[in-house]
Amino acid sequence: DGATVAVQGYGNAGSVAAALLADLGARIVAVSDSSGGVYDSDGFDPSDVKAHKADTGSVSGYGDTEAITNDELLTLDVDVLVPAALENAIDESLAREVDAHLIVEAANGPLTPDADDVLTDSGIHVIPDILANAGGVTVSYFEWVQNRQRFSWTEERVNEELERVIVEAFDDLVDAYESNDAANLRTAAYIVAIERIVSAYDQAGSWP
């Protein structure tokens, strides 16, 4: 509540993330797409920006905002930065200028490995893409389950199940990070994954 947020990329991932964060009380101060970005320290309604983009084809020119570049958005002094556009959007050089407290990877691989190292050294936490943008593939799994059952869930149930899965996964991630003294949350995600593989291997037993 009250956190300032900048979102790079205003497609399905970015616009929905902005709307959900705003619903939680966050202040969306900057968004961008391939045409450039807009900034207002007082914040703005992400739904209005989405409507503006639908009418004009871009977020540029929205309301009484300041025009900024994508690189400028990525280096804003904000609480939460959501790169939701391109792979490798933040490289080592740009990472040194990042001023966010938390990065949430809504795109696939928006940080280079060198950028990851810089951000870790700077004490900036990164929620890795394998968790942060897993909602879509998780709901696709729910669709498969419904098809197998020949049964349809309500939208409310889908959202409830999604929240349960994502929150449990986040808790597992934080537990692995803290209990293993991991370098960062991405490393913790690998720890969780490898532990699950080992558990599945052990349960399968030796065959033949």
- Tally, over region 1-48, of residues that are within 12 Å of ALA85 (Cα to Cα), touching an Asp or Glu at 6+ places or on another chain (Cβ under 7 Å) and among the aliphatic types (A, V, I, L, M): 0
- Have a look at THR120, THR75 and point out the one that is under 23 Å from ALA26 (Cβ atoms) and touching a helix residue (DSSP H, G or I) at 6+ places or on another chain (Cβ under 9 Å). THR75
- Message: For region 153-180, give me the residue count where each residue is surrounded by 14 or more Cβ atoms within 10 Å (Cβ to Cβ), of a type in the set (D, E, K, R) and within 18 Å of the chain's Cα centre (by Cα).
- Response: 1
- Of the residues in region 118-141, those that are touching a His at 6+ places or on another chain (Cβ under 9 Å) and either in a helix (DSSP H, G or I) or among the aromatic types (Phe, Trp, Tyr) (or both) come to LEU119
- Query: Among the residues of region 177-184, is any closer than 28 Å to ASP99 by Cβ, modelled with pLDDT of 95 or more, in contact with a strand residue (DSSP E or B) (Cβ under 6 Å, 6 or more places away or on another chain) and not β-branched (Val, Ile, Thr)?
  - Reply: no
- Task: Could you give me the residue pairs with C-beta distances under 8 Å whose first residue belongs to region 176-204 and is without any contact (Cβ under 8 Å) to a residue 40 or more places away in the chain, whose second residue is not in a helix (DSSP H, G or I) wherever it lies, and which are 6+ apart or on separate chains?
- Result: ALA176/ALA182; TYR177/ASN184; ALA188/ASN180; ALA188/ALA182; ILE191/ASN180; ILE191/ALA182
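The values are calculated or read from the model by the stated rules, or taken from the named source; none is laboratory data. Everything numeric in this text was worked out from a predicted model, so none of it was measured. Methodologically, a virtual Cβ is constructed for each residue, glycine included, from the backbone with ideal geometry; neighbour enumeration extends over all protein chains shown.
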